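The structure appears right after this line, and notes come after that.
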Ligand SMILES: Nc1ncnc2c1ncn2[C@@H]1O[C@H](COP(=O)(O)OP(=O)(O)O)[C@@H](O)[C@H]1O
Ligand SMILES: [Mg+2]
């Protein structure tokens with residue numbers, strides 16, 4: 001199914017990295033925002049290994065630092081101290097070219113409000129990450145992912161013609177079109193009804209279980225937390241508890 005458009009930096013076998021270091025690891029990560037006048041420390045020395053081939057859920061009330069942590073884990077932002085390591089390399093040590101490659105090849109993102117581009121068709125939205133990476137076989141790979149999420153027949157429509165659940169499935173197809181081995185999901189079911197949310201969770205679970213991605217997902221939903229092998233509860237920017245199932 002995930003046959004074409006493969007583009008990766010690290011060698012993999014059956015979805016698992018051949019490197020010995022964990023694929024995604026946070027080491028004593030802290031984050032302080034400058035704020036207006038008073039700096040605001042949002043994360044305090046978070047250490048966490050995110051396992052490959054499994055879903056890790058990030059739980060905690062609004063404002064506890066989940067999105068901040070996801071932005072750091074996805075190399076969209078950098079810690080104020082500590083390190084985010086991807087295959088053992090600190091994201092803050094990478095130059096701009098390496099960061100661009102990392103984001104385009106290794107990491108997929110899913111957001112609460114889908115963030116599809118409204119003027120592009122469904123197929124074009126899914127293709128876009130591969131076109132930006134100048135990868136070959138973009139169209140075939142995009143169709144393959146649309147088939148996987150059950151929306152091949154919607155390829156030619158614009159996002160506004162879809163339901164919320166369908167939009168999120170397109171967003172998942174886009175997030176996984178380049179076969180990333182890290183998937184970052186920020187409240188992916190937060191804006192969906194239960195049935196649509198369940199479909200989305202089934203796909204996220206497959207991204208981990210069948211395709212070997214290390215999935216880090218912030219959520220408020222008990223259903224979403226239930227698919228996780230590891231549940232990390234944050235409170236005021238600190239890990240309050242770690243629970244494995
Ligand atoms: N770019 C930013 N600049 C300043 N403060 C921010 C920024 N992003 C988030 N915050 C603050 O950091 C805290 C944690 O936010 P966030 O990581 O979005 O939490 P969550 O996703 O758990 O709701 C909040 O107090 C929020 O207002
Ligand atoms: Mg958030």
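No value in this document is a laboratory result; all are computed from the given coordinates. Quick caveat: nothing in here was measured; it's all calculated off a predicted structure. Heads up, the Cβs are rebuilt from the backbone with ideal geometry, glycines too, and the neighbour counts pull from every protein chain shown.
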- Query: Taking residue 52 and the conditions (1) more than 14 Å from the chain's Cα centre (by Cα); (2) in contact (Cβ under 8 Å) with a residue 40 or more places away in the chain; (3) surrounded by fewer than 21 Cβ atoms within 10 Å (Cβ to Cβ); (4) not in a strand (DSSP E or B), which numbered condition does it fall short on, given that it satisfies the others?
  - Reply: (1)
- Message: Just to be sure I understand the filter: pairs with C-beta atoms under 7 Å, separated by 6 or more residues or on different chains, first member in the stretch 93-106 and touching a residue at least 60 places away in the same chain (Cβ under 8 Å), second member part of a helix (DSSP H, G or I) and surrounded by 18 or more Cβ atoms within 10 Å (Cβ to Cβ). Which pairs pass?
- Response: 104/129
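Look through 72, 85, 43, 102 and report the one residue that is touching a helix residue (DSSP H, G or I) at 6+ places or on another chain (Cβ under 8 Å), away from ligand 1 (no atom under 16 Å from the Cβ) and more than 30 Å from residue 158 (Cα to Cα).
Result of the check over 72, 85, 43, 102: 85.
Those residues that are farther than 21 Å from residue 166 by Cβ and in contact (Cβ under 8 Å) with a residue 24 or more places away in the chain, I need them from the stretch 131-154; list them, please. Break it down stepwise before answering.
Taking the stretch 131-154 as the starting set, the residues that turn out to be farther than 21 Å from residue 166 by Cβ are 131-138, 140.
Correct list: 132, 133, 135, 136, 137, 138, 140.
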- Note on the structure: Restricting the stretch 186-198 to residues that are touching a helix residue (DSSP H, G or I) at 6+ places or on another chain (Cβ under 6 Å) and within 18 Å of residue 213 (Cα to Cα), the one surrounded by the most Cβ atoms within 10 Å (Cβ to Cβ) turns out to be 188
- Taking the stretch 122-144 and the residues there that are over 19 Å from the mean Cα position of the chain (by Cα) and part of a loop (DSSP other than H, G, I, E, B), the one that is surrounded by the most Cβ atoms within 10 Å (Cβ to Cβ) would be 135
- Given (1) in contact (Cβ under 8 Å) with a residue 12 or more places away in the chain; (2) within 30 Å of residue 242 (Cβ to Cβ); (3) more than 19 Å from the chain's Cα centre (by Cα); (4) surrounded by fewer than 20 Cβ atoms within 10 Å (Cβ to Cβ), number of the condition residue 119 does not satisfy: (2)
- Message: Can you report the number of residues in the stretch 70-108 which are within 16 Å of ligand 2 (Cβ to nearest atom) and surrounded by fewer than 21 Cβ atoms within 10 Å (Cβ to Cβ)?
- Response: 3
- Please enumerate the residues belonging to the stretch 145-162 that are surrounded by fewer than 17 Cβ atoms within 10 Å (Cβ to Cβ) and under 20 Å from residue 207 (Cα atoms). 147, 150, 152
